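Comments concern the structure below.
The values are calculated or read from the model by the stated rules, or taken from the named source; none is laboratory data. Predicted model, so just to flag it, every value in this text is computed and none were measured. Here Cβ is always computed from backbone atoms with ideal geometry, including for glycine, and neighbour counts include all displayed protein chains.
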Amino acid sequence: VAALAAPAQAADNDKVYRLKMAETWPSNFPIFGDAPRNMAKMAETMSNGRLKITIDSKNKHKAPFGIFDMVRAGQYDMGHSASYYWKGKVPNTLYFTTMPFGMTAPEQYGWFYNGGGMELMEKVYSKYGLMSFPGGNTGNQMGGWFQKEINSLDDLQGLKMRIPGFAGEVLAKLGAKPTNIPAGELYTALERRTIDALEWVGPSLDLRMGFHKIAPYYYTGWHEPATELQFLVNERTWKKLPADLQEILRVAMRTAAYDMYIQSYHMSAENWDLMKKAHPDIQIKSFPADVIGAMKTANTELLKEKAAADPLAKEIITSQAMYMQKSRVWTDISDKAYLNSLSSQ
Amino acid sequence: MFLLRLERAINTFSDLLGKIAALLFILMLFNVFFDVVMRYLFNDVSIGMQELEWHLFAAMFMLGVPYTLRTGGHVRVDLIYERLTGNKKAWIDLLGSLFLLLPFALLVAWYGVGFASEAYELGETSGDPGGLPYRWIIKAVIPFAFFSIAISGVGLMLKSVNTLLGHHPVARYQPPTH
Amino acid sequence: MIGIVMFFVALGMLLFGFPVAFTFGGVALLFGILAEGPEMFAFMPFRIQSIMENTVLMAVPLFIFMGIVLQKTRLAEQLLESMGKLFGGVRGGLAISTVLVGALLAASTGVVGASVVAMGLISLPVMLKYKYDKSLACGTICASGTLGQIIPPSIILIILGDVLGIPVGDLFQAAIGPGFVLIGAYIIYILIYSWMKPEAAPALPMDEDVENKRQQYVKALKAIIPPLALILIVLGSIFAGIATPTESSALGGIGAIALAAMYRQFSWKMVFDSASETVKVTAMVFAILLGATAFSMAFTYTGGDYIVEEILSDLPGGATGFLLLSMLAILILGFFIDFVEISFIIVPILAPVADALGIAPVWFAILIAMNLQTSFLTPPFGFSLFYLKGVAPPDVRTVDIYRGVMPFILMQVAVVASILLFPAFYGLT
Ligand code: NA
Ligand code: NA
């Protein structure tokens, strides 16, 4: 990150820096909420108490989707959220969370840290006086809970599904009907079949929503292969920190992000086990090849439109595509080949 | 009688907001109904129409607040208030508007301006496909409504002053009810 | 400390009788600026936006509109009168009908403002017309209007499910039993009260011109059908998957217009007038929410949440002792702060302790939900009380409302105690 090179002030070894951080999540929200807390704890310990970060949850600031503005204005020094929430404000923030048919978590971390991702993210955020860092990965998200089976493209026609954002746009192109339902009414809406399907996260967080009790089909993922949360930092705050605290903060954020990825993986495994034990008849399904193919085509077309409309979007999309091409070859001959060789036994 | 005329002008303004809010409510009612019918009978969903629901809803209740202030519809704890004379009530409304309502409404309105203009500068839109553009419009309702609350509050102050000056017959001072 | 001083100042200021919403806002402003400076209020637009975007709250104006149309067309009056007559010479029949209508409304919304105000518009005038005791009428309406919090769908249960990590469906199921017990308790209370004090809840005069009693019932049934059909449309549309609970309230509003048309009372003027009334009542409710959000902002940003947290983390152990103390704490806090704050600030502190003591999470959640429902009724900051006062005729005084809710608060506490002592009876172990 270029900002790291900025000359830091002479370090005053006793001065305590107190930063305020706002998170999008409610208090006690598992996994997502653990990442910023782990980060703050690490930063405080590593700095020997010179860096103290307090975290305000959604229940306190009441602005889960105002983090971008509040950190930008300096009402908070930092935020923990997800980049794609800001696409209504700054369209190019879309690309730094995850993309349908995009990279897996290891691939995407490779892109962020070694493939030019961090530099592109800086290009997007620095205009707004903000710095963005990876903030923890959920791993591959599930495709969602369905009341009916999807056997062909016809089954997508008029499918009422709660699926926000870019993935919703992809499905809409194939005739599905993305639908807004408030989170509190999702359970009733799916149970009463007001909607046919919804996507949430994965077993790690779906378990507590209880969808497995009311929908028979759990589809595997395609639309969020590696959802990366985000630490936002106000640039003025960052520049006020002495160089050693900047480094401590950076390392704490990076470590907390990776820790969350592990925790998500673990909790998904644990919770899937619980779900399956409680409701053995949940059916895991994958979309048939022609449906996936059509989704992929629609996705590519949408990306083409976005690239044509904005040079920076084009640069990001191209960078991701190039990096994925290269890293996927390795994924194929390493992890994928390993799993394939086991399953063919 | 300048003060009386000014009070009436402000009342007209607040009443106008009330009429707009009533229209917004009717639009919202049919908007929600339309969305349900389209989804259930025609399997069609429009994110834009769904977002319009809360746009209408929000604008309706925000513009309704100054109107309701003018019609005396905001609830009071009247354990003591109800036993006071018209003049004492007028003093409470005068001082309450001046020290509680006005500073609150103006400060929120002031920060609301920055809030809405930021959305304007960013060209903020809905984050969902097919959602509504021009997010600044609904955000601008916040400063507009709070400035209007302040104006309506000035109307309440004038009403109190005019009552104290004897321009209003005390009988007319009873707050209207629903 | 500031939070606590602020609370008592607000309490004192409220007594002057300046509108509640702006008293909250003004006091929050004073203390916010004293403690942190005016910049704190830069958060207000965000908080207001979160109220504006909260689509679940759309049920408030929609149900109010339904209530106003039913009232204007006198269909509501007929419904309540007929139901009152169905109970024949039973005293308190109107109040019992109110409880039943309140329970039906509760099953279609979880928003207290919506049902208290709708009930206030629908049944208060009728009960007053038949010379019901004002306190009994007000207490019945506040309590039945608040049933929406425990009878699913319910916002408290949804929030608690979120905070405690329990599937919302489980909570909804668990809440049905306690909800029915509560309804039963209300009805029994009304029966006993009107038996002891006949003049407080007179039986409705039976039609003299109809000789045959059976004809009387037929007539009553006929009057009940249209509005009852409306409520069934609202509930049915949720169960049939036609509409979400919030949207069902719009079907109620449109249905009310259709009913008015069927009874030849439709005109666009009637619709517009009802909309104007709706705006007034809705704005009254939301102004309180706007003032309260400023108040809770000043409370939390000046460290009030940490004080409460400290006190609660020191609650002594032992499952029963902990439950008793935490219920007491929530009940007392409910006098002062609203249920959302309690759910998000207090419950997360208590939950791990309850967990460690082996208290069943669903049981704990239902206890809290019941307890929080009570907080809507407890003066001075009981939102139901504000809402009813906002729609009541001027001769209904705040004191009447306070006096009226007291017995219902006691019943609530008794039911909470019974859930605490006999969880097995409610299937909550
Ligand atoms: Na309910
Ligand atoms: Na209370």
Handout entry: Identity of the residue in the range C:130-171, within 11 Å of chain A (Cβ to nearest Cβ) and in a loop (DSSP other than H, G, I, E, B), that ends up farthest from ligand 2 (Cβ to nearest atom)
Key = C:167
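Can you name the helices (runs of 4 or more DSSP H) wholly within the range C:41-108 that have at least 2 residues being among the β-branched types (Val, Ile, Thr) and within 14 Å of chain A (Cβ to nearest Cβ)?
Values: elements: C:44-52, C:59-72, C:75-86, C:93-106.
Those helices (runs of 4 or more DSSP H) span C:44-52.
Would a scan of the range C:337-357 turn up a residue that is in a loop (DSSP other than H, G, I, E, B), within 16 Å of ligand 1 (Cβ to nearest atom), aromatic (Phe, Trp, Tyr) and buried (at least 20 other Cβ atoms within 10 Å of the Cβ)? Before the answer, list the steps.
First, the residues of the range C:337-357 that are in a loop (DSSP other than H, G, I, E, B): C:337-338, C:357.
After this cut, where a residue has to be within 16 Å of ligand 1 (Cβ to nearest atom) as well, the list is none.
Taking every residue of the range C:337-357 in turn, none turns out to be in a loop (DSSP other than H, G, I, E, B), within 16 Å of ligand 1 (Cβ to nearest atom), aromatic (Phe, Trp, Tyr) and buried (at least 20 other Cβ atoms within 10 Å of the Cβ).
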Practice task
State whether the residues of the range C:38-50 include one that is within 16 Å of ligand 1 (Cβ to nearest atom) and either closer than 29 Å to residue B:144 by Cβ or free of Cβ contacts under 8 Å to residues at least 12 places away in the same chain (or both).
Solution key: no
Problem - Residues that are surrounded by fewer than 20 Cβ atoms within 10 Å (Cβ to Cβ) and either among the acidic types (Asp, Glu) or more than 13 Å from chain C (Cβ to nearest Cβ) (or both), drawn from the range A:202-218 - result: A:216, A:217
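So, of the residues in the range A:156-171 that are part of a helix (DSSP H, G or I) and of a type in the set (A, V, I, L, M, F, W, C), which turns out to be farthest from the chain's Cα centre (by Cα)? Lay out the reasoning, then the answer.
If we filter the range A:156-171 for residues that are part of a helix (DSSP H, G or I), which is where we start, we get A:156, A:165-171.
From the residues that got through so far, the ones that are of a type in the set (A, V, I, L, M, F, W, C) too are A:156, A:166-167, A:170-171.
Numbers: A:156: 25, A:166: 13, A:167: 13, A:170: 18, A:171: 19 Å.
By that ranking, first place goes to A:156.
Does the range C:79-90 contain at least one residue that is modelled with pLDDT of 80 or more and at negative phi? Working first, answer last.
Start the filter on the range C:79-90 by keeping residues that are modelled with pLDDT of 80 or more, which leaves none.
There is no residue in the range C:79-90 that is modelled with pLDDT of 80 or more and at negative phi.
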Fill in the blank from the handout: So, first residue in a helix (DSSP H, G or I) in the range C:213-224, second residue not acidic (Asp, Glu), Cβ within less than 6 Å, six or more apart or across chains; the pairs are C:216/C:210; C:220/C:82; C:220/C:85; C:220/C:86; C:223/C:78; C:223/C:82; C:224/C:79; C:224/C:82
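Here is a check on your reading of the model: is residue C:28 crowded, with 22+ Cβ neighbours inside 10 Å, more than 14 Å from every other protein chain (Cβ to nearest Cβ) and in a helix (DSSP H, G or I)?
no
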Exercise for the section: From C:385, C:377, grab the single residue that is away from chain B (no Cβ under 14 Å) and either surrounded by 24 or more Cβ atoms within 10 Å (Cβ to Cβ) or more than 16 Å from ligand 1 (Cβ to nearest atom) (or both). Expected result: C:377
Completion exercise
Considering residues that are among the hydrophobic types (A, V, I, L, M, F, W, C), touching a residue at least 60 places away in the same chain (Cβ under 8 Å) and within 20 Å of residue B:126 (Cβ to Cβ), the number found within the range A:65-76 is 2
Fill in the blank from the handout: Residues of the range C:242-282 being at the interface with chain B (Cβ under 8 Å from one of its Cβ atoms), in a loop (DSSP other than H, G, I, E, B) and out of contact with any Phe, Trp or Tyr (no Cβ under 6 Å at 6 or more places or on another chain), in sequence order, are C:243
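Going through the range B:41-79 one residue at a time, which ones are within 22 Å of residue B:13 (Cβ to Cβ) and among the polar types (S, T, N, Q)? Even if it seems obvious, please write down each step before you answer.
Restricting attention to the range B:41-79, the residues satisfying the condition of being within 22 Å of residue B:13 (Cβ to Cβ) are B:56, B:58-74.
Hits for the range B:41-79 are B:68, B:71.
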Problem - Residue satisfying condition, being within 30 Å of residue A:294 (Cβ to Cβ) and either assigned to a strand (DSSP E or B) or free of Cβ contacts under 8 Å to residues at least 24 places away in the same chain (or both), within set A:88, A:136, A:79, A:102 - result: A:88
Practice task
Output the number of residues of the range C:152-169 satisfying the condition of being within 16 Å of ligand 1 (Cβ to nearest atom) and in contact (Cβ under 8 Å) with a residue 12 or more places away in the chain.
Solution key: 10
Handout entry: Selection within the range C:362-383 - more than 10 Å from ligand 2 (Cβ to nearest atom) and either closer than 11 Å to residue C:333 by Cα or of a type in the set (Gly, Ala, Ser) (or both)
Key = C:365, C:369, C:371
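Would you confirm whether any residue within the range C:134-143 is basic (Lys, Arg) and more than 19 Å from residue C:382 (Cβ to Cβ)? Write out each step before concluding.
To start, the set of residues in the range C:134-143 that are basic (Lys, Arg) comprises C:134.
Restricting the remaining residues to those that are more than 19 Å from residue C:382 (Cβ to Cβ) gives none.
No, the range C:134-143 contains no residue that is basic (Lys, Arg) and more than 19 Å from residue C:382 (Cβ to Cβ).
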Exercise for the section: Residue by residue through the range C:114-151, note down the ones that are within 13 Å of ligand 1 (Cβ to nearest atom) and polar (S, T, N, Q). Expected result: C:115, C:144, C:146, C:149
Exercise for the section: Go through (1) more than 8 Å from chain C (Cβ to nearest Cβ); (2) under 24 Å from the mean Cα position of the chain (by Cα); (3) without any contact (Cβ under 8 Å) to a residue 60 or more places away in the chain one by one and return the number of the condition residue B:125 breaks. Expected result: (2)
Practice task
Select from the range C:359-374 the residues that are crowded, with 24+ Cβ neighbours inside 10 Å and among the small types (Gly, Ala, Ser) and write down the one among them that is nearest to ligand 1 (Cβ to nearest atom).
Solution key: C:369
Practice task
Identify all residues within the range B:95-122 that are more than 7 Å from chain C (Cβ to nearest Cβ) and under 19 Å from residue B:163 (Cβ atoms); write none if there are none.
Solution key: B:95, B:97, B:98, B:102
Fill in the blank from the handout: Residue count, the range B:32-63, condition away from chain C (no Cβ under 12 Å) and of a type in the set (Asp, Glu), comes to 1
Handout entry: Conditions (1) within 16 Å of ligand 2 (Cβ to nearest atom); (2) under 27 Å from residue C:288 (Cα atoms): number failed by residue C:395
Key = (1)
Exercise for the section: Tell me, please, whether a residue that is assigned to a loop (DSSP other than H, G, I, E, B), more than 14 Å from residue A:128 (Cα to Cα) and more than 9 Å from every other protein chain (Cβ to nearest Cβ) can be found in the range A:49-68. Expected result: yes
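Residues in the range C:1-25 that are part of a helix (DSSP H, G or I), within 13 Å of chain B (Cβ to nearest Cβ) and within 22 Å of residue B:146 (Cβ to Cβ): how many?
Qualifying residue count, the range C:1-25: 9.
Could you tell me whether the range C:312-334 includes any residue that is of a type in the set (Phe, Trp, Tyr) and either within 14 Å of another protein chain (Cβ to nearest Cβ) or over 30 Å from residue C:4 (Cβ atoms) (or both)? Show your work before the answer.
From the range C:312-334, those of a type in the set (Phe, Trp, Tyr) are C:322; that's our starting set.
Filter again for either within 14 Å of another protein chain (Cβ to nearest Cβ) or over 30 Å from residue C:4 (Cβ atoms) (or both), leaving none.
No, the conditions are met nowhere in the range C:312-334.
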Exercise for the section: Scan (1) in contact with a helix residue (DSSP H, G or I) (Cβ under 7 Å, 6 or more places away or on another chain); (2) in contact (Cβ under 8 Å) with a residue 40 or more places away in the chain; (3) among the aliphatic types (A, V, I, L, M); (4) more than 16 Å from ligand 1 (Cβ to nearest atom) for the single condition residue C:111 breaks and write down its number. Expected result: (4)
